[in-house]
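**Student:** Here it is: the structure, laid out below.
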Amino acid sequence: MEKLTNALAARFASPTRSTRLTVVLGRWLGLSFTICFLTGLFSHGLQEPPSWMFFPTSPVWIYQLTQGIHVTTGIAAIPLLLAKLWSVYPELLKWPPVKSAAHGLERASIALFIASSLLQLTTGLINTYKWYPWPFPFRQTHYWLAWVIWGSLLLHIAVKLPLIIEHWRARSGTGAGAGSPAPVTDDGGAPPEPGRWSRRAFLAAVGVTTGAVVLTTAGQSFSWLDPFNLFAPRKMGTGPQSVPVNRTAADAKVADLAGAKDWTLTVSHQDTHRSLSLAELQALPQYEHELPIACVEGWSQTATWRGVRIRDLVALVGAPPSSSLRVTSLEPEGAYRTMDMHATYAQDERTLVALELNGQTLDLDHGYPARIIAPGRPGVLQTKWLHTVEVL
Ligand SMILES: Nc1nc2c(c(=O)[nH]1)N[C@H]1C(S)=C(S)[C@@H](COP(=O)(O)O)O[C@H]1N2
Ligand SMILES: [Mo]
């Protein structure tokens with residue numbers, strides 16, 4: 001068995017593979033994972049806020065930026081992870097699989113890291129295409145997997161630290177010459193190491209692939225890259241009123257309720273209830289703001305929204321300005337039916353109960369008769385087809 005696997009490993013050997021290559025790829029991958037992790041924590045915190053959570057509302061595109069970076073670094077990590085797996089592939093075939101306790105720990109941490117990373121990146125990517133073919137709740141699973149990845153990654157880095165330090169700088173040698181300092185030539189420069197040029201070509205190819213994947217998808221989040229957006233699921237400026245739709249009124253089964261003539265928005269504070277018809281909402285002072293919808297799935301679109309300030313509705317029922325709110329949708333069921341709004345947003349003068357989008361009455365698919373639009377929030381919290389607003 002040992003002979004066979006080692007012979008196999010030798011067959012897969014390539015001069016391009018070296019510890020140095022693995023370390024360089026590991027740095028790129030580590031950077032993209034770190035940025036992806038931090039922006040992901042921010043997104044998760046906004047949706048399920050811990051008591052210390054902060055809620056930035058300026059610039060209004062803050063979440064558009066952080067979530068655009070989250071999805072983009074996640075997409076970039078896919079070719080980087082595949083390249084890194086390729087660079088260590090022969091190691092995985094070596095026999096015996098476990099030589100000592102430390103070796104066993106190292107392999108276990110790598111197995112966990114590879115499995116959880118592959119699962120995280122593929123499910124995340126599929127999610128950006130609005131496809132949720134699994135029975136588990138996506139966001140919570142994505143969140144906990146991220147911690148598993150970090151735990152196994154830190155263990156992996158700790159175990160490999162001596163190798164990482166040794167190969168951190170380019171001069172310290174290749175797989176072949178590892179350990180011995182490279183001889184210095186007359187002009188003071190080191191001679192090319194074996195495999196060095198093929199390594200550079202490989203890294204360049206990985207860099208170009210990663211760049212191409214990013215360039216052809218990031219236009220869903222960053223408008224200046226929109227002309228190159230070939231593969232992302234959403235395109236800016238498409239959809240009714242030039243804004244993409246995530247879930248249509250028909251999908252949400254609200255078309256009849258939202259189109260009803262006797263629709264009202266009920267605002268409540270303790271025993272005070274006010275039900276406002278669309279005409280009554282239109283008679284209140286109207287305000288206009290440029291605000292983005294920034295979906296957790298990565299796409300975003302800035303638009304002009306017009307409607308009533310939510311803080312004026314809070315005042316209308318005699319509640320203090322620093323109130324937090326619970327908003328419900330006409331949608332009969334599902335995770336988007338109720339949404340809690342922290343006082344930071346309720347107080348913000350740009351948070352609207354929008355009645356118009358880009359100069360027209362809201363399209364049914366964009367939340368007619370009324371929807372929430374607030375600065376700096378994930379799209380999933382921009383509730384459509386409003387039913388009630390309750391002061392907590
Ligand atoms: N009631 C309700 N509101 C909702 C949704 C929904 O499914 N139901 N989808 C949310 C999501 S995930 C996003 S990204 C935005 C998209 O708004 P749009 O469809 O008008 O572009 O609406 C949000 N509001
Ligand atoms: Mo969304």
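**Student:** Which one of Leu203, Leu230, Leu225 is in a loop (DSSP other than H, G, I, E, B) and either away from ligand 2 (no atom under 16 Å from the Cβ) or assigned by TED's automatic domain parsing to the domain that holds Trp86 (or both)?
**Tutor:** None of the other options fit; the residue is Leu230.
**Student:** Hey, among the residues in region 334-376 that are more than 21 Å from Asp312 (Cβ to Cβ) and without any contact (Cβ under 8 Å) to a residue 60 or more places away in the chain, which one's nearest to ligand 2 (Cβ to nearest atom)?
**Tutor:** Narrowing region 334-376 to residues more than 21 Å from Asp312 (Cβ to Cβ): 334-338, 358-360, 363-366.
Next, from what is left, pick out any that are without any contact (Cβ under 8 Å) to a residue 60 or more places away in the chain: 335, 337-338, 359.
Numbers: Ala335: 11, Arg337: 15, Thr338: 16, Gly359: 24 Å.
So the residue we want is Ala335.
**Student:** In region 286-331, which residue that is out of contact with any helix residue (DSSP H, G or I) (no Cβ under 7 Å at 6 or more places or on another chain) and in a loop (DSSP other than H, G, I, E, B) is farthest from ligand 2 (Cβ to nearest atom)?
**Tutor:** Among those that are out of contact with any helix residue (DSSP H, G or I) (no Cβ under 7 Å at 6 or more places or on another chain) and in a loop (DSSP other than H, G, I, E, B), it is Gly318.
**Student:** For the list (1) at pLDDT 95 or above; (2) under 15 Å from the mean Cα position of the chain (by Cα); (3) of a type outside the set (S, T, N, Q), I need the number of the one condition that Ile126 fails.
**Tutor:** (1)
**Student:** Tell me yes or no: at least one residue of region 347-357 is surrounded by fewer than 20 Cβ atoms within 10 Å (Cβ to Cβ) and of a type in the set (Ser, Thr, Tyr).
**Tutor:** For region 347-357, residues surrounded by fewer than 20 Cβ atoms within 10 Å (Cβ to Cβ) and of a type in the set (Ser, Thr, Tyr): absent.
**Student:** Follow-up. Starting from region 287-302, take each residue that is within 13 Å of Leu65 (Cβ to Cβ) and in contact (Cβ under 8 Å) with a residue 24 or more places away in the chain and list its partners that are of a type in the set (Phe, Trp, Tyr) and buried (at least 20 other Cβ atoms within 10 Å of the Cβ), counting only C-beta distances under 7 angstrom and pairs at least six apart or across chains.
**Tutor:** So the pair list comes out as Ala294/Tyr63.
**Student:** Out of curiosity, is Ala315 without any contact (Cβ under 8 Å) to a residue 12 or more places away in the chain, of a type in the set (A, V, I, L, M), away from ligand 1 (no atom under 16 Å from the Cβ) and farther than 16 Å from Leu362 by Cα? Before you say what the answer is, go through the steps one by one.
**Tutor:** Values: without any contact (Cβ under 8 Å) to a residue 12 or more places away in the chain: yes; of a type in the set (A, V, I, L, M): yes; away from ligand 1 (no atom under 16 Å from the Cβ): yes; farther than 16 Å from Leu362 by Cα: yes.
Yes; evaluated as a whole, the condition is true for this residue.
**Student:** Quick check, is Tyr368 modelled with pLDDT of 95 or more, in a loop (DSSP other than H, G, I, E, B) and crowded, with 21+ Cβ neighbours inside 10 Å?
**Tutor:** On the way: modelled with pLDDT of 95 or more: yes; in a loop (DSSP other than H, G, I, E, B): yes; crowded, with 21+ Cβ neighbours inside 10 Å: yes.
Considered against the rule, which asks whether it is modelled with pLDDT of 95 or more, in a loop (DSSP other than H, G, I, E, B) and crowded, with 21+ Cβ neighbours inside 10 Å, Tyr368 comes out as yes.
**Student:** Going by what's in this entry, would Leu281 be described as more than 12 Å from ligand 1 (Cβ to nearest atom) and either in contact (Cβ under 8 Å) with a residue 60 or more places away in the chain or under 25 Å from Ala260 (Cβ atoms) (or both)? Let's see the steps before the verdict.
**Tutor:** Working: more than 12 Å from ligand 1 (Cβ to nearest atom): yes; either in contact (Cβ under 8 Å) with a residue 60 or more places away in the chain or under 25 Å from Ala260 (Cβ atoms) (or both): yes.
Judged against the criteria, Leu281 is a match.
**Student:** Still on this structure, I have one more. Any idea which of Lys84, Lys99, Lys94 is over 29 Å from the mean Cα position of the chain (by Cα) and at pLDDT 85 or above?
**Tutor:** On the way: Lys84 fails: over 29 Å from the mean Cα position of the chain (by Cα); Lys94 fails: at pLDDT 85 or above.
None of the others qualify; the one that does is Lys99.
**Student:** Separate question: From the set of residues in region 376-392 that are outside any helix (DSSP H, G or I) and out of contact with any strand residue (DSSP E or B) (no Cβ under 7 Å at 6 or more places or on another chain), which is surrounded by the fewest Cβ atoms within 10 Å (Cβ to Cβ)? Step through it out loud before you land on a result.
**Tutor:** Taking region 376-392 first, the residues outside any helix (DSSP H, G or I) are 376-378, 382-392.
Adding the requirement that they be out of contact with any strand residue (DSSP E or B) (no Cβ under 7 Å at 6 or more places or on another chain) leaves 376-377.
Numbers: Gly376: 25, Arg377: 27.
Looking at residues that are outside any helix (DSSP H, G or I) and out of contact with any strand residue (DSSP E or B) (no Cβ under 7 Å at 6 or more places or on another chain), I get Gly376.
**Student:** Still on this structure, please answer the following. Is there any pair with a first residue in region 261-275 that is more than 21 Å from Ser324 (Cβ to Cβ) and a second that is at pLDDT 95 or above and in a loop (DSSP other than H, G, I, E, B) whose Cβ atoms are under 6 Å apart and which are 6 or more apart or on different chains, and what are they?
**Tutor:** Trp263/Pro369
**Student:** In region 233-282, what residues are among the β-branched types (Val, Ile, Thr) and within 16 Å of ligand 2 (Cβ to nearest atom)?
**Tutor:** Initially, region 233-282 is screened for residues among the β-branched types (Val, Ile, Thr), giving 238, 243, 245, 248, 254, 264, 266-267, 272.
If the condition is that a residue be among the β-branched types (Val, Ile, Thr) and within 16 Å of ligand 2 (Cβ to nearest atom), then Thr238, Val243, Val245, Thr248 are the ones that fit.
**Student:** Might you check whether a residue that is more than 13 Å from ligand 1 (Cβ to nearest atom), touching a His at 6+ places or on another chain (Cβ under 6 Å) and not assigned by TED's automatic domain parsing to the domain that holds Tyr63 occurs anywhere in region 335-342?
**Tutor:** No, region 335-342 contains no residue that is more than 13 Å from ligand 1 (Cβ to nearest atom), touching a His at 6+ places or on another chain (Cβ under 6 Å) and not assigned by TED's automatic domain parsing to the domain that holds Tyr63.
The values are calculated or read from the model by the stated rules, or taken from the named source; none is laboratory data. Only a predicted model underlies this, so the values are computations on that prediction, with no experimental measurement involved. No Cβ is skipped: glycine too gets one built from the backbone with ideal geometry, and neighbour counts run over all protein chains shown.
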